[in-house]
Amino acid sequence: MNKSPEAIFDILYIGSHLQTKLEDFNLNEIQFMAYLSCLISLYDKNPIAFWKYKFIKNDYSSPYSVELHSSLNFLQKNSYINETTENYYQLTERGYSNLGFYDSLSSFKNRKKYLQIACNSLSIIPINIVKEAIRKEPIMKSAFHNPGKRFLLDKETPAMIALYNDFFNLHIAMNDDYNDLLAPAVVWLQSLSTKNPTIND
Amino acid sequence: MLRFNFPNITSIIIENFSLYKKAEKISIDIDKNVFCLVGANGLGKSTFITILNYALTGIVKNPERSFTWYNSVSSFYNKSKSFAASYFDGRINESDYDLAQVTVKFKIADIEYKITRGFFEPDELRAFEKKDNTGKPIDISEKYTSSELDQLYKKHFVQDSGLSEFAQFAFLQSYVFTFDETHQLLFWDSAIMERVLYLFFGLDSSTAKNADKLRKDINAYDSKFRNLQWQITQSRKELKKMLEIDEDSLTEKDNDIVEKHKELLKDFEVYQEELNSIGKELQECDLNIADLSLKISSLRAEYDEIFNQSLINDTPVEKDEELLKIVKDIKSKIFSNEPFQEYIDRLITLFKQQKEKSKYTDQEDSFKNLKKIDEKLNSHIEKQETVQKRKERFLQKEKELHITIEGINKQIKTIEEDNKNVFENISGAKSSESIALLKKSFQEQIDRYLEQKEESHTKREEARKELKKLESSMSKSFVKAEETFVPKFNSFAKSFLGLEIDIELNLNNKGANLSLRIDDGKRKDSFQLSESQRYFIDIALRMALLGIGTNEASLLIDTPEGSLDIAYESRAGKMIADFSKDKYSTIMTANINSSQLLLELAKICRYNRMHIERMTDWTYLSEVQNKENDKIESAFSTIEQLIKEDEQITGSNI
C-alpha cells in the first residue's frame, strides 16, 4: 500500500474542486492537476522534495504517481469517494468531513496554496486544454521521446534545466508584477497550449 | 569468519554495593539464555548493567561524551578509566569504599575466567583465576600485585579472544555488546560504525587498529590545518605590536603612513574577531538545525502513522477482496467436494484481525492526536526555518567580511611595499631591536606556518590513501561475509519490523558506513523509522555481528522497550528470543508493568531458557516506587505463570 497523507489530501482537495466544476472526476484528471500543482510549487522556488511524492510518465504520456493511484483505491474502497459512472468518482459525506479536518491542519497549508492555483486555473482554461498544455511542458515532452522509466522531476536533467529556463523567462515576462501565482500559471499554460503541435499529433 | 571469542558471562557476585541496600552480597548464576532483571524505575537496573561492564573492562562509559570526542579506540579506553570513580562515588557509601567489589565469571571458548575488582581501582584486580579448556587452573604467582594481575588478565584475554588489544574489547563491550540507557546507535553514528566495521570485516583485528590510527591522524592533520590560519592572524597581531615606534623620528607624511598602517592592522584585528564570532554563531545554528531536523523526522514518522489511523478502514463486505477470495475458494471446494476447513479457519482469522483493527480506530481520538502532532511539527518546522534564515544571514555576513579582510590585507601589503624606506627608517628609529630583523623573523614565522600547513596537507593525503587501501580490503571482506551476515541481520530485523531490509556498505570521504534500505527504498532515511524502531534495528545489527563474529557471547540490553508501539513489543520479544539460543545469551533489564515484550519472550523461552530476577530482593522501595511495583508484581505473576506452565509440562513429561 503506497498511500500517503499528502496524496490522500490532494485527491480529496482536487476531487472536491473538480466535482464543483465538472460534477465528478477520474484518476487521470487528478494526476494531471496534482502534477500541475507540483510544477507551480517549483515555480515558487520550492525544492523537488517539497511535493513528498513523485511522478513517472505512464504509457499514455500522462504524469502518474503510484501514491495517488493507491490512495484513490483506498478512498474508494472505504467509501470516502464513490464511483458514479465507470472510473468517475464523487466525494461522499465522509470524504468531505475528512477533507474539512485535514484542511485545518498546518501540514497541508503550504501545498494547498498550489493545489488551489491549479484548480482555479480551470475557471479560465478548460481541463482538456490544461492536459494538452502539460503534455507539452519540457519534462513531459522529453519523457515522451524517452522510452526508459524514470522519475519526471529529477535533479539536473536537460529537461529539468529547460523547465527552470521556462520559469525564469516567465518571471521576467510577468515582470514580478503579480503577487499571486494564478497569472503566471495561466500565462504559462496558454503559451504551452499554443506553442507546438501536441505530441499526440 | 568466526574470528573472535567473546565472553559468555556465567555468574556475577556484587558485594557491599550500598545502592542495593537489602543485600550485602548479591550472587547470580547466569545459566540460561535470557536473564532479565525487573523492577521499578530508579532502583538501579541500569547500574547493574554498568557494574557488569565495569567488572569485565575496568571502565565506565561517560554518557555525556560521544565517541567522536575520544577520536580513537585506545583514547576511549584510557580516558574512560577515570570516570568509573565518579560514577560509583554516589552509589557506594563512604563506609563501603574498600569493601565493595564485583566478581564476574565468564567463558571464552571453553576457557573459564574469574576476576574480582574493587570499584575504585580500574587498573587493578583483587583476584584473577583462569582454567584452561581441560578445567586445569593456570599458574598465577601469589607475588603478583593487583595491577600486575590486571595486566596479566588483559594479556590472557587478548590472546584468547583474538583481538589485538584490550582497548578493542572495552570499545566493543561498551558500544556493541551493550545497548545501554544512552541509546547510542551504530547505524546513526558513523565514527563508531567505522571502527566496528573494521573490527568485524577487516582482514584481522590489527587492521582495525591501523584504520583507527589512520582515522585519528586524518582528524588531527585536519584540525592542525585549520589552526594554522588562526596562527597567521596571531602573527599579524604581533606585527602590529612590533610597529609600536618612536613617532618623533618620522616626518609628518611618514607619520600619516604609519598611522594608516596601524589603523589597518587594527581594522584587520577587529574584523577577524567579528569573523570568529560569526563562526561560533554558525556552529550554533548548525547544531540547532540538526537537533530540530531530528525532532521533525521522528515526529513525521509518528504523524504518518496517526494520519493512517485517522482514516477509517472499514471496507464494505462486497468490496473486501480478501474476504471475497476466501468465499470463492470455499465455494469451489464445496462444489468439488474437497475439504474446506482450512478456508473456514482463514475466514475466522480474517474476522478476528478486522475486529482487532477496529479497536484502534477511534476517529475522534486520532483526529485529536493528529492535530496535536501537526501543531508540534509545524512549530518545529517554523523554528527550523527561523534558524535557517539566521544561518543564511550570518553566511552572507561572513562572505562580506572575508572580502573586507582580503581588501585590508591587500592595503597593508601595498602600504608596506610602497613605503619600504619609511619602514626601514622606523627600523632605524627603534632603539633596542631592528625592525627589519623583527620583520624578517615575522616572515620566517609565516613561512614556517605555511610549510607546516603544506606538511599537514601532504600527511593527511598520505593517511587518506593508506585508509583507502584498508577500506578496499575491508569492502572485499564485507562482500565475502555478506552471504552469512546479511541474511542473519535480515532475519532478526524482519522478525521485528515485518519488512524486507537491505543493508549496504557505503564508502565515502567520511569513512566506511552501513546504510539501510527498507522495503522498496521509500524508507531509506532514518527518519522514516520511529525512535524505538531504530533501537531494535540497531540491536538486530549487533546480534548479526555477534552471529558472524563469534560462537558465543552475552548481549546486554538496558530497558529496551521504551516507547515502543504495542504492536512491535511482542515482535521485539521474539527477536530477542531468536537470538538467545545455544551459547548466545541476553542479559537485560526491564520495567515490566506494561510490556508485551517480556510476555512474548517468556512464552518462547519458558523455564528452560529464561530467568527473571526481581529487584525487590535487592533494595527497599520508595512510596512512589511501591505503587509502580504493584503493577510490576502483577505483570510478574503473569510471566511467572507462563514460565511455570512450561515447568509443569516438563515435569509431567518426565
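Coordinate-derived values only; no laboratory data. Quick caveat: nothing in here was measured; it's all calculated off a predicted structure. Virtual Cβ from ideal backbone geometry, glycine too; neighbours counted across all protein chains shown.
Using a 7 Å offset from Cα along Cα-Cβ at B:K494, what residues in segment B:549-586 end up with backbone N under 16 Å from the label point? The answer is B:575, B:578-579.
First check a/c for chain B, with a ≥ b ≥ c the square roots of the eigenvalues of its C-alpha gyration tensor; if it is under 1.5, answer rounded, and if not, answer prolate when a/b is larger than b/c or oblate otherwise.
On the way: a/c = 2.39, a/b = 1.60, b/c = 1.49.
Taking the square roots of the gyration eigenvalues as a ≥ b ≥ c, chain B is prolate.
Placing +1 on the Cβ of every Lys and Arg and -1 on the Cβ of every Asp and Glu, with no other charges, gives chain A a dipole of roughly 480 debye about its Cα centre. Using a/c under 1.5 as the rounded threshold, could you call the protein assembly as shown rounded, prolate or oblate? The axes a ≥ b ≥ c are square roots of the C-alpha gyration tensor eigenvalues, and prolate needs a/b larger than b/c, oblate otherwise. Since a/c reaches 1.5 but b/c is at least a/b, the shape of the protein assembly as shown is classed as oblate.
Note on B:Q159/B:Q641: beta-carbon distance plugged into 1/(1 + (r/R0)^6) with R0 of 30 Å gives a FRET efficiency of 0.05. Taking N as the residue count of segment B:346-423, its C-alpha radius of gyration divided by 2.2 N^0.38 Å amounts to 2.79. In whole Å, how far is the Cα centre of segment B:159-212 from that of segment B:82-120? Taking the Cα centre of segment B:82-120 as reference, the centre of segment B:159-212 is 23 Å away.
Distant-in-sequence amide contacts of B:E613, defined by a placed amide H-H separation under 5 Å and a gap of 5 or more residues or a different chain, comprise B:C36, B:L37, B:V38. For segment B:170-179, the Karplus equation 6.51 cos²θ - 1.76 cosθ + 1.60, evaluated at θ = phi - 60°, returns couplings of 4, 5, 5, 4, 7, 9, 10, 7, 10, 9 Hz by residue, with Gly and Pro reported as x.
When the trypsin sites (Lys or Arg not before Pro) in segment B:52-154 are filtered for DSSP coil states and for at most 13 other beta-carbon atoms within 10 Å of their beta-carbon, the remaining sites are B:K143. Model label sites at B:N506 and B:K383, defined 7 Å from Cα along the beta-carbon direction, differ in position by 2.6 nm. Between B:F119, B:T586, B:Y77, the Cα set farthest toward the positive side of the dipole of chain B (charges on each charged residue's Cβ, about the Cα centre) is that of B:T586. Each residue of segment B:493-506 was assigned a 3J(HN,Hα) from its phi angle through the Karplus curve 6.51 cos²θ - 1.76 cosθ + 1.60 (θ = phi - 60°); the sequence is 5, 5, 5, 8, 8, x, 10, 5, 10, 9, 10, 10, 8, 10 Hz, with glycine and proline shown as x. Take every DSSP beta bridge whose two residues both sit in the protein assembly as shown, then give the antiparallel share in percent to the nearest 5. In the protein assembly as shown, DSSP labels about 70 percent of beta bridges as antiparallel.
The charge dipole of segment A:34-97, taken about its Cα centre with unit charges on the Cβ of Lys, Arg, Asp and Glu (plus for the first two, minus for the last two), comes to roughly 280 debye.
Could you tell me which of rounded, prolate or oblate describes segment B:10-153, using a ≥ b ≥ c as the square roots of the eigenvalues of the alpha-carbon gyration tensor, with rounded for a/c under 1.5 and, failing that, prolate when a/b is larger than b/c and oblate otherwise?
Numbers: a/c = 1.43, a/b = 1.17, b/c = 1.22.
Rounded.
Please identify the GluC sites (Glu not before Pro) of segment A:46-116 that satisfy two criteria: DSSP loop assignment and at most 13 other Cβ atoms within 10 Å. Which are they?
Details: sites: A:E67, A:E83, A:E86, A:E93; in loops: A:E86.
Answer in residue order: A:E86.
Whose amide H sits under 5 Å from the amide H of B:T178, counting only residues 5 or more places off or on another chain, with H placed in the peptide plane? Under 5 Å from the amide H of B:T178: B:L556.
Based on Cβ point charges of +1 for Lys and Arg and -1 for Asp and Glu, what charge dipole magnitude is obtained for the protein assembly as shown about its Cα centre, in debye rounded to the nearest 20?
On the way: 117 positive and 135 negative charges, 308 e Å.
Taking the Cα centre of the protein assembly as shown as origin, the dipole is about 1480 debye.
Can you compute the label reach from A:L22? Point 7 Å from Cα along the Cβ direction, backbone N cut-off under 12 Å, restricted to segment A:28-71. Residues A:28-34 qualify, since their backbone N sits under 12 Å from the label point.
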